[in-house]
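The structure under discussion appears below in the form of structure tokens.
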Amino acid sequence: MLTTLKTRARALKREAYALSIAMRDPRAPWHARAVLALVVAHTFSPIDLIPDFIPVLGYLDDLIITPLGILLAIKLIPPAVMADARRQAEALMQQGKPVSRAGAVMVIGVWIIAISVIGWILWVTFTGRPSF
């Protein structure tokens, strides 16, 4: 069972690398590249959308959101583009994991918006008036 999980994890990692390559390919449709940008940024972000220390939910993005995003993105890319990207991804895997600074900025932005909304709701709840 452990061998199977390692094999699947390696395949998922290769697909994520291939998607980062396919995202830059001009043969990919624009809407697919937009989805790819989000998926690749989230996958390679050094900051998790849901931190791992939160019980159960912390691993939700690693176990569900990331694989589903990768699956959706693969469906949107033409097969020839994905085949070329997979070949290039094999070489990229030998160099190590890329890090997405855009993904980190995206995750930090989501957290700032969430904290701002929660703060505004608390402000309105406890003061009885909106802040604007």
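The values are calculated or read from the model by the stated rules, or taken from the named source; none is laboratory data. Computed from a prediction, not measured in an experiment: that's the story for all the values here. FYI the Cβ positions are ideal-geometry reconstructions off the backbone, even for glycines, and counts take in every protein chain you see.
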Boolean, residue 11 is surrounded by fewer than 16 Cβ atoms within 10 Å (Cβ to Cβ), in a helix (DSSP H, G or I) and without any contact (Cβ under 8 Å) to a residue 24 or more places away in the chain: yes
In the stretch 31-65, the residues that are within 9 Å of the chain's Cα centre (by Cα), β-branched (Val, Ile, Thr) and modelled with pLDDT under 80: 43, 65
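Filter the stretch 22-36 for residues that are in contact (Cβ under 8 Å) with a residue 40 or more places away in the chain, in a helix (DSSP H, G or I) and either among the hydroxyl-bearing types (Ser, Thr, Tyr) or surrounded by 11 or more Cβ atoms within 10 Å (Cβ to Cβ) (or both) and give the result. Give the derivation first.
Just the residues of the stretch 22-36 that are in contact (Cβ under 8 Å) with a residue 40 or more places away in the chain, to begin with: 22, 25, 27-29, 31-32, 35-36.
Checking which are in a helix (DSSP H, G or I) leaves us with 22, 31-32, 35-36.
Residues satisfying the conditions are 22, 32, 35, 36.
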Which numbered condition residue 19 fails, given (1) hydrophobic (A, V, I, L, M, F, W, C); (2) touching a residue at least 12 places away in the same chain (Cβ under 8 Å); (3) not in a helix (DSSP H, G or I): (3)
Among the candidates 48, 52, 84, 61, residue that is in contact (Cβ under 8 Å) with a residue 24 or more places away in the chain, surrounded by 12 or more Cβ atoms within 10 Å (Cβ to Cβ) and more than 14 Å from residue 17 (Cβ to Cβ): 48
